[in-house]
Amino acid sequence: MIGGFQNIFKIPELKKRVLYTFALLMVYRIGCAVPTPGINGDALATFFERAKGTLLGMFDMFSGGALERLSVFALGIMPYISASIILQLLTVVVPRLERLSKEGEAGRKKITQYTRYGTVVLSVIQGFGIAVGLERMSVPGADTVVAYPGWSFRLMTVITLTAGTAFIMWLGEQITERGIGNGISLIIFAGIVARMPNAVGNTFRLMRTGEIGIFLVLILVVLMVVVVGVIIFVERGQRRIPVQYAKRVVGRKMYGGQSTHLPLKVNTSGVIPPIFASSIIMFPATIANFIDIPWVQSVSQAMTPGSIIYNLIFVGFIIFFCFFYTAITFNPADVADNMKKHGGYIPGIRPGKRTADYIDRVLTRITFGGALYVSAVCVLPTVMIARFNVPFYFGGTALLIVVGVAIDTVSQMESHMLARHYEGFMTKGGPLKGRR
């Protein structure tokens, strides 16, 4: 593997892409430290100190600590993800958007443009809700969070947060186009990883003061290692459907006749379902945390990560998006038609509709198993960590995103190296297979 990393810098194009990605991620991390004007940082820090382990703490983890400081990137990339979800759902029910999705590159660019507009609208709504909530926020024993409340502060906050989200959206698109890996996923990845040193430092500090026992820390470490191992094992798991190609005579030569397989990943949708589910849950709940109304606060407290209501809603969204995203990205009818055109067939299954139905049936079973796996990974560690009263939010969702994004990014780098006849990262076990 060390040799594989050394080979990265032997390929000029790959080296340029990797350095470009690191440079833009550094810009993102610098922006997370730039505060929004008019905020009392000490009072806000006191408020977030009491929000550890809540949904607000989870949102702060996804934003890489930007929300805790209310920096210009406080909204993070979640408005963009929410807009993407809305556009994908509308694509199924709105005929015009459905036609655009089938028009190739031109249609994809148009839908991306609509997603950007939706991101700005959602950022304005969420930014205004946060601004109003901050003005009403009171922290016992500390100064007010907003030094000079009023419409000038609200407009400044909305403009700042919206511009920050738009800039992050642009960074993600640039990483995807000119860097390595998926830009949006890497930005979330960077935000989660950036919180790890702080979480580890707090854990050791609490160990020294005796608030957390070393036995509990060992249990948490073992739990995380086991979850990471399960994620890597399942993410590389496939259900291989055998495919046979008939022999064809073209001129004087005979083609085909070989046996191959159609690989179906256990988790076809990857890390998208937990990201989408978290985005939908956090959008209204984040605003609710800043609104000082009794019934709104009751709803916000009921949505604390680890609670029964939160887990039920979270699992429901994960299962829905596992099936939804798989249905969008993988069409059994198209696969069956392509196989039929090239003389391929599944042994014992008639080509055409019967093949499409068979693939769809197998894919549905696999997706259901994958959805249960994703739900278990995202919920069970979160429940255990909530029961242990860990002073930071770092559950299975974060582990799944970190490991999944790392596997995808490494697989893309390996594809570049293998295409240029360099050794990859997994020379003994074969190439590392990511989601295609």
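Computed from the coordinates by the stated procedures, all read-outs in this text should not be read as laboratory data. This one's a predicted model, so the numbers in the text were calculated from it and none came from an experiment. Please note: Cβ atoms are built from the backbone with ideal geometry, for glycine as well, and neighbour counts cover all protein chains shown.
For the peptides 324-337, 105-118, the ranking by mean Cβ contacts within 10 Å, running from highest to lowest, is 324-337, 105-118. When both the stretch 351-368 and the stretch 143-164 are represented by their alpha-carbon centers, they are found 52 Å apart.
For the stretch 328-349, no residue has its backbone nitrogen under 19 Å from a point 7 Å from the Cα of residue 99, taken along Cα to Cβ. Projected label points at residue 45 and residue 196, each 7 Å from Cα along the beta carbon direction, are separated by 2.5 nanometres. Could you compute the net charge surrounding residue 166? Neighbours are other residues with a C-beta less than 14 Å from the C-beta of residue 166; K and R count +1, D and E count -1. Surrounding charge for residue 166 is 0. Taking other C-beta atoms within 10 Å as the exposure proxy, 362, 226 rank 226, 362 from fewest upward. Counting every other Cβ atom within 10 Å of each residue's Cβ, 416, 342 order from fewest to most as 342, 416. Using 0.36 nm per residue and subtracting the Cα-Cα separation, the extra length available between residue 380 and residue 221 on full extension is 55.8 nm. Say the cut-off is 26 Å between C-alpha atoms; which of 16/265; 102/340; 10/109; 109/340 go over it? Over 26 Å Cα-Cα: 16/265; 10/109; 109/340.
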